[in-house]
Amino acid sequence: MTLPSITVKLHRQASRQADANYQTYTIKANPDRTTVLDALIKIQEEQDGSIGFRRNCRNAICGSCAMRINGRSGLACQKHISEVMGAQDTELVIEPMHNLPVIKDLIVDMTKFWDNLHKVDPYVSTASRQISKTEYLQTPAQRAQLQAAANCILCGSCYSECNAAAVSDRFVGPHALAKAYRVMADNRDDRTEERVAKYNESGFVWDCTRCYNCNEVCPVEVQPLDRISQIKHEILANPDLPKSTAQRHRHTMVELVKEDGWIDESKFGVIVVGDNFRDLKGLLSIFPLGMRMVLRGKMPYPWQFQKSAGAPEAKALIEAIAEAKKIH
Ligand code: SF4
Ligand code: SF4
Ligand code: FES
């Protein structure tokens, strides 16, 4: 059988400081039976021993071989070439993960990824518990709570595609929050309350923009965004926790739409950022913006603000949803 020729375009970068460029190779391979990692190994063994990439198990277990393949992060050992090359694609483009600095070619420095993981205290704590001397058994139902999050192989694909991590240095990332849920939901952990309070702070769940990229790329169905939502539910169920800016944002948006049918921006900033005149620092931070809005005639004064014609319907809809949530 004559094997087709496949063009492979690799990101090359000799060191952290070096400029990046692309180098193109051609291999003969069956795209249905050759993984992206097989292609890289073939190039390294037959054409260019200098290309740098990580790999270990070749079986989607160790998480070492995560990289960007035709614009999407994933495990090179898990993807056959035919899976990642669409009908329009003429080449297989392989790049290092995003959101982490490149060390060489496809190898990234994962220090920040690990540091962020440690920020959620990723270990089950039994410090103040009386632990039996025999096994600490869990029921199948208790174990099932952890199943999805426990699948994580810490490959970094989700972090690489995370929009929040791309713009925020403080956001810990989807992998860390999936692990946060993993330990928080473990019935053997004795620090649940402390954890919920911590994950309510800035840099944790409320910084996620809910872009769904992490759910899309995770190779082992951890679905980090769903885990983030589960943590949010725990936070919202605790009325004693301080309302973060993100929570006020969410609550205020619904309340304003309920009242007026749309959002009155002049109230929105004061309530959310200024915490209803309680947060002086927050108020001062939006003061320059407010002044610019006034000067440019963009400030909707209360007497100018018109409710939407559909305000009663919006209110009825929001109340019906709240009622339905109570029933279910
Ligand atoms: S959550 Fe999924 S994508 Fe993210 S590090 Fe874990 S296994 Fe990889
Ligand atoms: S859904 Fe949130 S955590 Fe997941 S990739 Fe998007 S911003 Fe990041
Ligand atoms: S080499 Fe281990 S996950 Fe790909």
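The values are calculated or read from the model by the stated rules, or taken from the named source; none is laboratory data. On a predicted model such as this, the values are computed, not experimentally measured, just so you know. Here the Cβ is made from the backbone with ideal geometry for all residues, glycine too, and neighbour counts use every protein chain on show. Side chains are part of the model used for accessible areas, which takes the heavy atoms of the whole protein and leaves out ligands, DNA and RNA. Shrake-Rupley method; radii C 1.70, N 1.55, O 1.52, S 1.80 Å.
Values as computed for the structure displayed
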{"item": "Elements of type helices (runs of 4 or more DSSP H) in region 89-186, at least 1 residues being among the acidic types (Asp, Glu) and touching a strand residue (DSSP E or B) at 6+ places or on another chain (Cβ under 6 Å)", "result": "157-161"}
{"item": "Complete set of residues in region 86-145 that are polar (S, T, N, Q) and without any contact (Cβ under 8 Å) to a residue 12 or more places away in the chain", "result": "Gln88, Thr111, Gln130, Ser132, Thr134, Thr139"}
{"item": "Residue match in region 266-275 (condition: within 21 Å of Thr245 (Cβ to Cβ) and in contact with a His (Cβ under 7 Å, 6 or more places away or on another chain))", "result": "yes"}
{"item": "Some residue of region 52-68 being touching a His at 6+ places or on another chain (Cβ under 8 Å) and at negative phi", "result": "yes"}
{"item": "Residue check, Leu10 more than 22 Å from the chain's Cα centre (by Cα), open to solvent by less than 20 Å² (accessible area, probe 1.4 Å) and within 23 Å of Tyr159 (Cα to Cα)", "result": "yes"}
{"item": "Complete set of residues in region 212-268 that are outside any loop (DSSP other than H, G, I, E, B), more than 16 Å from ligand 3 (Cβ to nearest atom) and under 13 Å from the mean Cα position of the chain (by Cα)", "result": "Asn213, Cys214, Asn215, Glu216, Pro224, Leu225, Asp226, Arg227, Ile228, Ser229"}
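Every residue, every condition in (1) modelled with pLDDT of 95 or more; (2) within 16 Å of ligand 2 (Cβ to nearest atom); (3) surrounded by fewer than 11 Cβ atoms within 10 Å (Cβ to Cβ); (4) farther than 26 Å from Met97 by Cα, yes or no:
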{"site": "Lys112", "(1), (2), (3), (4)": "yes, yes, no, no"}
{"site": "Asn116", "(1), (2), (3), (4)": "yes, yes, no, no"}
{"site": "Ala127", "(1), (2), (3), (4)": "no, no, yes, yes"}
{"site": "Thr134", "(1), (2), (3), (4)": "no, no, yes, yes"}
{"site": "Leu137", "(1), (2), (3), (4)": "no, no, yes, yes"}
{"site": "Gln142", "(1), (2), (3), (4)": "no, no, no, yes"}
{"site": "Cys155", "(1), (2), (3), (4)": "yes, yes, no, no"}
{"site": "Ser160", "(1), (2), (3), (4)": "yes, yes, no, no"}
{"site": "Ser168", "(1), (2), (3), (4)": "no, yes, no, no"}
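Residue-by-condition table, conditions (1) farther than 16 Å from Gly156 by Cα; (2) within 16 Å of ligand 3 (Cβ to nearest atom); (3) in a loop (DSSP other than H, G, I, E, B); (4) not hydrophobic (A, V, I, L, M, F, W, C):
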{"residue": "Arg16", "(1), (2), (3), (4)": "yes, no, yes, yes"}
{"residue": "Tyr22", "(1), (2), (3), (4)": "yes, no, no, yes"}
{"residue": "Ile27", "(1), (2), (3), (4)": "yes, no, no, no"}
{"residue": "Pro31", "(1), (2), (3), (4)": "yes, no, yes, yes"}
{"residue": "Asp38", "(1), (2), (3), (4)": "yes, yes, no, yes"}
{"residue": "Asp48", "(1), (2), (3), (4)": "yes, no, yes, yes"}
{"residue": "Gly52", "(1), (2), (3), (4)": "yes, yes, yes, yes"}
{"residue": "Gly63", "(1), (2), (3), (4)": "no, yes, yes, yes"}
{"residue": "Ser73", "(1), (2), (3), (4)": "no, yes, no, yes"}
